[in-house]
Amino acid sequence: MKPPPFGYRAPREVGQALADIAAVGEDGKVLAGGQSLIPLLNMRLAAPGTVVDINRVAGLDTLTAGPDGVRVGALTRQARVERSEEAAAVQPLLRQALRLVAHPAIRNRGTVVGSLVHADPAAELPAVLAVLDGSVRLASVADGERDVPAREFFTGPLEVAAGPDDLAVSAFFPALPPRTGTAFHEVSRRHGDFALAGVAAVVTMRADLGLEEARVACAGVGPVPIVVDVTAEAGAGDRAAAAHTVRERIEPEDDVHAGAAYRRHLIGVLTERALAEASRRAADA
Amino acid sequence: MTAKLFGEPVGRREDPRLLTGRGRYLDDLGSGALAAAFVRSPHAHARIRDIDVSGALDIEGLVAVYTFEDLPPRVAEPLPLLIPHPALAHGRTARPLAKGVVRHVGEPVAMVVAHDRYLAEDACALIRVDYEPREPVVDVEKAAEGGPAVHADVPGNVAAHLVQEVPSAAGVPARQMIESAPYTLAFRLDIERSAPMPLEGRGVLARWDLDDRSLRVYSSTQTSTGVRMAIAARLGLPLPSVEVIAPDVGGGFGVKLVHPWPEEVLVPWAAMVLGREVKWAEDRREHFVASSHERGQAQFVRVGFDGEGRVLGLDVTLLHDHGAYTPYGIIVPIVTSTQLLGPYRIGAYRVEFSSVYTNTVQVTPYRGAGRPQGVFCMERTMDRIAAYLDLDRTAVRAANLIQPGEFPYDQRMTFQDGRPLIYDSGDYPESLRMIKELIGWDSFAEFRAAAAADGRRVGIGIGCYVEGTGVGPYEGGHVQVTSDGRVHVSTGLTSQGQGHETVFAQIAAGELGVPLDRVSVVTGDTRRLGYATGTFASRAAVVSGSAIALACRKVREKALRIAAEALEADPADLVVEDGVIRVAGSPGAAIELATVATLANPLRYAFDAEAARATQFAAPGDPDRPPIAEGEEPGLEGRAYYSPLRSTFASGMHAAIVETDPDTAEIKILRYAVVHDCGRLINPMIVEGQIHGGVAQGVGGALYERMAYDSHGQLRNASFMDFLMPYATEIPHIETAHLETPSPLNPLGVKGAGEAGVIPVAAVIAGAVEDAEGIVIDRMPLSPSDLFRLREEAARRR
Ligand SMILES: Cc1cc2nc3c(=O)[nH]c(=O)nc-3n(C[C@H](O)[C@H](O)[C@H](O)COP(=O)(O)OP(=O)(O)OC[C@H]3O[C@@H](n4cnc5c(N)ncnc54)[C@H](O)[C@@H]3O)c2cc1C
C-alpha cells in the first residue's frame, strides 16, 4: 500500500495553482485534505502523474457567513465549518450534516470542497449542497471563474462537472430562508461511517404556519444526491405519502453492507424523521 | 512477604512505553534494511502459465526478484503441517511461493526485494503473470457436494472427517437417545467468517552475519521458538546459529501463531543470499487476503430432551470451512466439537465434522478458536428447547449444569491437546445465579413492559461457556538476581499486549519478596530462553506463570541457604521482605538479596567495590570445600519448567439486553454483563481488560464483521472501510463480576483468561435479538439489513 511514483507541485498562490493544474491537465490531481485521495493513491486505485498540493495556496482557507449564505473556501476544513457559530446561524444544515461526516480526526484535515468534488454518492455534503441548491465556484486559466449550481455539478458517482484544468475555489451554501427548518438523518453501520442511506430535509412554513415548501435530498441511494420536492404530500400533512414518493424516486443498490430493499425502506423512515424534525424547527424559527 | 502483589490490580507497567510511542514494533527496526514485497494472486483458482519479470528489471533500486523456480528445494517445498492428526487424511499446505497453481486470492507468487517498499511495490506492479483461471469454489456446501476440486488430488474437497461418539452412562448412543426422547428438534445454524485483525500486521526482519555465519530474525510472531526451529530446519542452519526475537507485537489473536509463514522463510533466506538485511512488513490489504481467517461453519443439529429441558441426546454435524490449506491441522473443528458441551452434562453426544477446502484464505485459530461456534450451537439449542417447552431460558440451562460436587468432571472426549477432556473445577450454578443477578434477569419483564410502553423493543439473552485453557506441552521461566539486587525474569512465550510484563513481575516479586520495580520481564527472545511453545490458548499465565513461580522458588531457596550461612541462622527462620533477608525476630540480623547474589558468584577479579566482596581474599570460605559446592551453579538464578497434566477449564456466563429499532432495524446493546471464572486472579484489572477486548471482538463477530467473498473468490471488503470492526462507539459499557474457583492442577491455582471474552458473545446477542423480535435467529453476524429481511420474511409467513 505505497503509491506509485508521482510528480509533486506545491503552488503558493491561486494563479500559480491554476497554471500548475492546467500544465499537468488530465494527468494531474489536486490534493486538498487528502482523506480520500491519499488512500486511493496508496491502494494504487489512482495513479496521477502529478499531484498539485493546494495546501499552501494563500487565500483559500476562507469562511464567510453573510445574509445570502455561507461561502466555504477550498482549504477550509470540515471541522472549522462544523464549529463555526456564524455558519450555523446562517445555514444550520451544514453543522447538522458535518457531525455525521467521518470522525473528528478526518474532519480536521478533510475539506468541505474536497468532499463535494470527490462526490461520493454516500457523502453528506453533496446532499446538503443539492437540497439547498447551492453552487461550486470553479476556476481555470482558460475559462476564469464561474459558479456551477449543484444540480449541474454532480454528474455521476465520483463524477462532477469540473474539467481537468479546474480548481474548485469555493462552495456556496444559501442561507436559510425565514420560517425554515432543516434536518439530516442517516443510518450508518458504525459511528462515523459513510451512511447506508441519508436524508437531508428543508421545510419552509408560511406565516400562517401552513407548509410552503418541503424538499429532501437523499444520499447513498443513487449515483448522485437525489432531490425530491415533497411539498404536495407534506403540505397535506401526510409524511408517509412523502416517504412513499421519495422511495419511488431513488435507485438503491445492494452492496456488502446492505440490500437495496433495506435501503429503500430506510429512505422512507429517514424521510419521515427528517421532515418531522425540520418541520418542528421551522415552526420554532 | 512484600506487600501483597498477587491478586492486586497493579497498573500495566508496559503502558507508559507503549502509549508514548516508545514501543519497538517490527517496522520500527531495521531502518537500513532492504524491503520485500510480494506479487499475489488476483485469482481464487488458476494455473500459472508463465511469469515474466522482465518489465520489473528496469526499476532503479531493484535488488532481486524470486519466483518458485529460483528457490532451493528445501526452501521451496510446502510449508509444514504443524499439527498432524489421524483424521486429517488430506492435509495440504502452501508453498512459500506458488508452484504452478494458486488456490486463493492473495497467495504469494513472486517476491521482490528492493531498496525500499515503494520501489518493491512498483516492481511488483510490472511483473506479468500469465494465469489460466480455473473455476473456484467458495461456498463450503458446494465444495462439500463435489464442487470444483481445490486440490486436484483431494476429490470431494474433504480434508478431514471425524466422528466422535459419547454414549449415555448406560451405553446408549446419541442418535438412539434422541429417537427415544420425549421431545426432539432439528435445525441448522450458520456462522460466517471473520478474522484476527491485529493493529500491527505480520512482519519479519532478518540479518545475516556473514562473519559469524549466524542469523538473527525479528518476527511479529506469537512463537519465536517455533519460528526459530522452522527457519533453522528450512535453511539448513545449526539451531545455535539462529536466534529469533519477537519485539513488541501489536496484537496477534492467533494469526501470528501460524509458522513459519511464507515470508518467515523467504525473508531470512533472501537475507542470507543477498548478504543484506531484509525486511517485510505486511500491509492491511495483504493481511486480509494472505494471512488467516476463521469462524465459518454450517451446523446441523438434532437434539432430544425431556420436559424439564434436560438434553438426553445431542447430534451435531459440522461443515467446517477450512479455506485453501490446513497448516494448523484441524484444531479449530476439534475445539468446536469438544467445547460445544460447555458447562453441561449431556445425556449422550455425537459430533461429526468435515473440514472442507474452499478457494479462500486458509483457516487457523482466531481468539476463541472454534469455541464461539460451538457455544453458538449449544446456546441456541438451549434457547430453542426453552422456547419449545415454554420454559425460562435460564431454567433449561440450570437443569443441564454440571454440579460443583461432580469435579473433576470427565466429558469422555479427547481435547485439542490429545488429552482427556476432564474439567478440573468450577461452580456453574453459582455463576448462573451471579449473572442473573448482575443483569437483572428476573426483573426484565418489567423493564420490557416499560420500554414497550414507550414504543421500544428490547430483549435479553444469555450464553454460557467453558474454555479449556493453559494447554501444554510446557513453558519455562528463568529468574536471575544480579548483584545490584535487580531481578531479571524471562520466559520463552511472546507478548502481544496482554500485560505479561506486569503479571509475571507480580508473580516474581511476590515469590521472591522484592519490590515490583526491581523486576524486569523479557518474553519471546530465544537468546534468553530457547525452550518454549508460544502464546495461544489462554495459556501464558497458567503455563509461563507457573514456570516463573517455580523458578522463583528455586532462587528463593538458594538465596535463603546462602543467607543462612552468612547470618549463621537456620534457613527456616529467614524471611524476605523488600529485597532484604532477615532472621525472624532478631531485627539486626539481615542481608540484602543483592549481597546474596554477589556471594553466590565467587569471583577472582574485583571489577567494582561490590564484586570485591566475593573475591578469594575478601571471602575466604571453608578451605575444605570448593568455592562452588558440588551440584551447585554460580550465580543466584533458577530455571524451571511447568508442564501441565491437562488443560485447566475456565468458564463464564454473559448476558445482554439489546434494543432493536422497530423502523430502521438497528441493533443496540443497552447492557452487557459478564461473570467470569479464571481461577485465582493474578491481576483483576488485566483480566477485566482482556474481557473487555474479547467482548468487543465478540460484538464484532455478532453484529459487524464478515468476509464478503463473491462467488469468484474475490474478497469484496478487504479494507477497514468495509470490514467493520466495531469502534469504541459500538461497544457498550461492560459490567463484570468475578468468581474464583482455583485450579487444582497448577501451583498458582490460575486458569487462562485471554480468549474468554469473545466466546459467547454471538450466542448472547442472537438470543437477545430473538427475544426482542420474536424471530428465530439462526446465523451470525446479524446486520440491520439482515434483520430487516428476517422481519419481511416473518411478515410474509404470518
Ligand atoms: C475513515 C473515513 C471515513 C469517512 N467517512 C465519511 C463520511 O461518513 N461522509 C463523508 O462525506 N465523507 C467521509 N469521508 C471522506 C472525507 O470526508 C474526505 O475528507 C472528503 O471526501 C474529501 O476531502 P479532502 O479535502 O480530504 O479531499 P482529497 O482527499 O484531498 O481530495 C478528494 C478528491 O477531490 C479532489 N479535490 C479536492 N479538492 C479539490 C479542489 N479544490 N479542486 C479540485 N479538485 C479537488 C482531489 O483531486 C481528489 O480527487 C471519510 C474518509 C475516511 C478516511
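Using a cutoff of 8 angstrom between alpha carbon atoms and counting only pairs six or more residues apart, the relative contact order for chain A works out to 16 percent.
The loop-placed chymotrypsin sites (Phe, Trp or Tyr not before Pro) in the range B:563-665, going by DSSP, that have at most 12 neighbouring Cβ atoms within 10 Å of their Cβ come out as B:Y605, B:F607, B:F617. Of all aspartates and glutamates in the structure, the ones whose alpha carbon falls short of 16 Å from that of B:K142, not counting any fewer than 8 places away in one chain, are B:D190, B:E192, B:D321, B:D710. Dividing the radius of gyration of the alpha carbons in the protein assembly as shown by their Kirkwood radius gives 1.01 for Rg/Rh.
Here the spin labels are modelled as points 7 Å beyond Cα on the Cα-Cβ line, and at B:Y118 and A:R56 they lie 1.7 nm apart. Ordering A:A23, A:S36, A:G49 by the projection of their Cα atoms onto the charge dipole of the range A:7-53, which places +1 on the Cβ of Lys and Arg and -1 on the Cβ of Asp and Glu, puts A:S36 at the extreme positive end. Projecting the Cα atoms of B:L560, B:L237, B:A181 onto the charge dipole of chain B (Cβ charges, centred on the Cα centre) puts B:A181 farthest toward the positive pole.
Between B:L391, B:F415, B:G347, the Cα set farthest toward the positive side of the dipole of the range B:290-424 (charges on each charged residue's Cβ, about the Cα centre) is that of B:F415.
In this simple spin-label approximation, B:R798 and B:A619 carry label points 7 Å from Cα along the Cα→Cβ vector, and these lie 8.4 nm apart. Full extension of the chain segment joining B:T93 with B:R553 gains 161.3 nm, where the gain is 0.36 nm per residue of separation less the Cα-Cα distance. Checking the a/c ratio against 1.5 first, then a/b against b/c, what shape does the Cα gyration tensor give for chain B? In terms of gyration-tensor shape, oblate.
Using Cα centres only, tell me the gap between the range A:86-139 and the range B:563-594 in whole Å. Here the answer is 73 Å between Cα centres.
Averaging Cα coordinates gives a centre for the range B:601-659 and one for the range B:399-469; these two points are 42 Å apart.
In this Cβ point-charge picture (+1 for Lys and Arg, -1 for Asp and Glu), chain B has a dipole of about 900 debye about its Cα centre.
Between B:E179 and A:A161, the C-beta separation translates, for a Förster distance of 45 Å, into a calculated FRET efficiency of about 0.05. Summing charges over all other residues whose Cβ lies under 12 Å from the Cβ of A:V230, with Lys and Arg as +1 and Asp and Glu as -1, gives -2.
Relative contact order of the range B:537-603: 23 percent, from C-alpha pairs under 8 Å at least 6 residues apart in sequence. Over chain B, what is the relative contact order in whole percent, taking alpha-carbon pairs under 8 Å and six or more residues apart? Relative contact order for chain B comes out at 16 percent. I need the calculated FRET efficiency for the pair B:D608 and B:S54, taking r as the beta carbon distance and R₀ as 56 Å, to the nearest 0.05. Rounded to the nearest 0.05, the efficiency is 0.30. Note on A:A175/B:H733: beta-carbon distance plugged into 1/(1 + (r/R0)^6) with R0 of 45 Å gives a FRET efficiency of 0.60. Assuming charge only on the beta carbon of Lys and Arg (+1) and of Asp and Glu (-1), the dipole of the protein assembly as shown about its Cα centre is about 720 debye to the nearest 20.
Every read-out reported here was derived from the displayed coordinates using simple, explicitly stated rules and does not represent laboratory data. As the structure is a prediction and not an experimental result, all values here were calculated from the model. Methodologically, a virtual Cβ is constructed for each residue, glycine included, from the backbone with ideal geometry; neighbour enumeration extends over all protein chains shown.
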